[in-house]
Amino acid sequence: MRFGSRVATRCAVGVALVPVALSTAVLPASAAPQDQAAPSAQAQEDRSSGPAIRNGLRTVTPDDLVIGTAVAGGGHHEEADYPDPFTRDPRYRKVLATEFDSVSPENQMKWEFIHPEPGVYNFGPADAIVAFAERHGQEVRGHTLLWHSQLAEWVTEGDYTDEELRAILEEHIRTVVGRYKGRIDQWDVANEIFADTWDDGGVRLRDGSTGATANVFIERLGPGIIADAFRWAHEADPEAKLFLNDYAVEDIGPKSDAYYELAQQLLAEGVPLHGFAFQAHLDLQFPFPETLDENMQRFDDLGLETAVTELDVRFTLPEDGVPTAEQLAEQADTYQGVLEACLSVDECNSFTIWGFNDKYSWVPSFSPGQGAATVMFEDYERKPAYWALHETLAEASGR
Ligand code: XIL
């Protein structure tokens, strides 16, 4: 089903990631609390009734789709001058609960965060998110297991044999996936495993053969480790849907073609791959990925689910830092276009935006000068992008 037509002129941009220092208290697994919210934040969560949240996005989302967001915490938030959003901002929790029916830990399940030292797991914050989701009838997307970035230093700097490295990855995947068995709907098993287009126009795995940051597991153990990661995750939680996830794959092109081939190969080998996910970190200075729907459809035709997992739409802010009406309108159009692509594909069942409030967005710290990439201003006022999603969902669901 296609909802209206739109003129689109923008496209995805690749984003360079840098590891972020870890400054979270480390809890042994056995001491992990069920929910780390400060009592005051949690108590206010159900009482407070912010404006315009009675019919949040989740109330108008079609039954065969979940509308999700990242749950702020860890990563760039640790350097910020505000208190931890998820545990200390009651308004944040209220909006999180009322607007969304899926949540993705923004950093709290990444290796450097959840497994910062050998044999030490920091499950507390992830446990709290999963518990919150269950209380509010929300799905959880696990993010992420095999990734070159935000990997613990003890893994990248350690002097391990290939066999040891393989065992480290296997133990990590079985432990993290196993802990949340039956409680996580989708896992981003492999994240950003292809490097951006190389000089010769080709796309390669992050195997150390290009200038791109290598994925140490692929570099040392070969591409077969990707299939193994999926197999281990599947054994640890046979019900979870297992995904490949990346940026700059929205359009049909060399990078998404590489994934299309890999997906076919993995499926032919009987690897438990269930979906392909589009991060969709978009930027108004590039054309809209016009072939997104077609691209999603070809993965759907392979029998895979598709998902939008990290949508945000950045642009260069005017000098006064205040977005213009035109920028906000273009941004709304872009959010809507990505949602429409998802709605047009049968098995695009999960649509996640990467945060919902500009105050907590990762964009300004990673792309200085750019920002305002989410659907709400810092005071939670809804932007045109929010209403574009709301209307498009309502139209699709008939609510
Ligand atoms: C980002 C987080 O939003 C930041 O808090 C963190 O500092 C860096 O990572 N692709 C991904 C996400 O798969 O995990 C990244 O999240 C954004 C790009």
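The values are calculated or read from the model by the stated rules, or taken from the named source; none is laboratory data. All values derive from a computational prediction rather than experimental measurement. For neighbour counting, all protein chains shown are included, and Cβ atoms are generated from backbone atoms with ideal geometry for every residue, glycine included. Surface areas here come from the heavy atoms of the whole protein model, side chains and all, with no ligands, DNA or RNA. Shrake-Rupley method; radii C 1.70, N 1.55, O 1.52, S 1.80 Å.
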Worksheet entry | Close Lys-Lys pairs in the chain, where close means Cα under 19 Å and separation is 8 or more or interchain | 6
Worksheet item: Which value, in Å² and to the nearest 10, is the accessible area of TRP154 when all protein chains are kept and the probe is 1.4 Å?
Response: 40
Worksheet item: So what is the accessible area of the chain per residue, in Å², with the probe set to 1.4 Å?
Response: 38
Discussion item. For the pair LEU317/ASP301, report the inter-label distance in nm, with labels modelled 7 Å from Cα in the Cβ direction.
Written reply: 4.3
Fill in: Computed lengthening from GLU117 to ALA167, 0.36 nm per intervening residue step minus Cα-Cα distance
16.5 nm
Worksheet item: How are the Cα pair distances of the stretch 84-158 distributed, in percent, across 10 Å bins from 0?
Response: 18, 46, 26, 10, 1
Fill in: Cα-based equivalent ellipsoid, the chain: semi-axes from gyration tensor eigenvalues, Å
30, 26, 20
Item to complete: Report SER365's accessible area, 1.4 Å probe, all protein chains in place, as a number in Å² to the nearest 10.
Response: 70
Practice prompt. Starting from the Cα gyration tensor of the stretch 181-300, take the square roots of the eigenvalues, sort them a ≥ b ≥ c, and report rounded, prolate or oblate (rounded when a/c is under 1.5, otherwise prolate if a/b is larger than b/c, else oblate).
Written response: oblate
Practice prompt. Grab the DSSP H runs of the chain that are 4 residues or longer, score each as -39,500 (n - 2.57), total them, divide by all residues and round the 222 nm result to the nearest 500 deg cm²/dmol.
Written response: -10500 deg cm²/dmol
Worksheet item: Once both labels are modelled 7 Å past Cα along the beta-carbon direction, what's the GLU78-PHE286 spacing in nm?
Response: 2.8
Worksheet entry | Computed magnitude of the charge dipole of the stretch 246-308 (debye, nearest 20; Cβ of K, R +1, Cβ of D, E -1) | 140
Discussion item. Using the basic label-point model (7 angstrom from Cα toward the beta carbon), what is the SER397 to ILE252 distance in nanometres?
Written reply: 3.2
